[in-house]
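Quick note: the coordinates plus some simple rules give every number you see, no bench work behind them. As the structure is a prediction and not an experimental result, all values here were calculated from the model. Methodologically, a virtual Cβ is constructed for each residue, glycine included, from the backbone with ideal geometry; neighbour enumeration extends over all protein chains shown.
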Amino acid sequence: MGKQLGDYSKAVAHAKLSPNGAEAIAHLKTAPGRFSQFVMVIGTGPDQVVEIVQHELSPLMLWTLTTNADERNARSRVLAYHPNWSDMQIHAWLAEHYPRGLTALGVREIDETLLEAAA
């Protein structure tokens, strides 16, 4: 389970999390463009083991998997400038210029003058 906003008591009950598991959820952190943390639960009852795991994406994987609307739009903008580029080339260009994505920088658009220079 990832970071939760609001009441997540129904999810805790459904997953039959121990009190430690429920408490771990409250301490999860996410840093856009850097990492996301999740609670991993192994086993049940008194044998239940709860761990916080951290998932970090490489810049290329970030641009391949992003679901952020501004970053998806950035992929479209690169494609508009370079219609013959493959998805891999688009993602690689974005990874080179924005390795942690747009959200991590607090911006919503790419600098399109960089695309003009790549033409």
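Somewhere in the range 2-25, is a residue under 28 Å from Arg108 (Cα atoms), of a type in the set (A, V, I, L, M) and in contact with a strand residue (DSSP E or B) (Cβ under 9 Å, 6 or more places away or on another chain)? So far as the range 2-25 goes, no, none of its residues is under 28 Å from Arg108 (Cα atoms), of a type in the set (A, V, I, L, M) and in contact with a strand residue (DSSP E or B) (Cβ under 9 Å, 6 or more places away or on another chain). Please work out if Ser9 is surrounded by 17 or more Cβ atoms within 10 Å (Cβ to Cβ), more than 21 Å from the chain's Cα centre (by Cα) and among the polar types (S, T, N, Q). Criteria not met by Ser9. The residue pairs whose first member lies in the range 68-81 and is in contact (Cβ under 8 Å) with a residue 12 or more places away in the chain, whose second member is part of a loop (DSSP other than H, G, I, E, B) and of a type in the set (Asp, Glu), and whose beta carbons are closer than 8 Å, counting only pairs six or more residues apart or on different chains, are Asp70/Glu109; Asn73/Glu109; Ala74/Glu109; Arg77/Glu109. When Gly101 is tested against (1) touching a strand residue (DSSP E or B) at 6+ places or on another chain (Cβ under 9 Å); (2) over 30 Å from Ala13 (Cβ atoms), exactly one condition is not met: (1). Within the range 20-39, the set of residues being hydrophobic (A, V, I, L, M, F, W, C), surrounded by fewer than 15 Cβ atoms within 10 Å (Cβ to Cβ) and either part of a helix (DSSP H, G or I) or in contact with a helix residue (DSSP H, G or I) (Cβ under 9 Å, 6 or more places away or on another chain) (or both) comprises Ala26, Ala31.
Is it true that some residue in the range 30-46 is small (Gly, Ala, Ser) and in contact (Cβ under 8 Å) with a residue 60 or more places away in the chain? Yes - at least one qualifying residue is present in the range 30-46.
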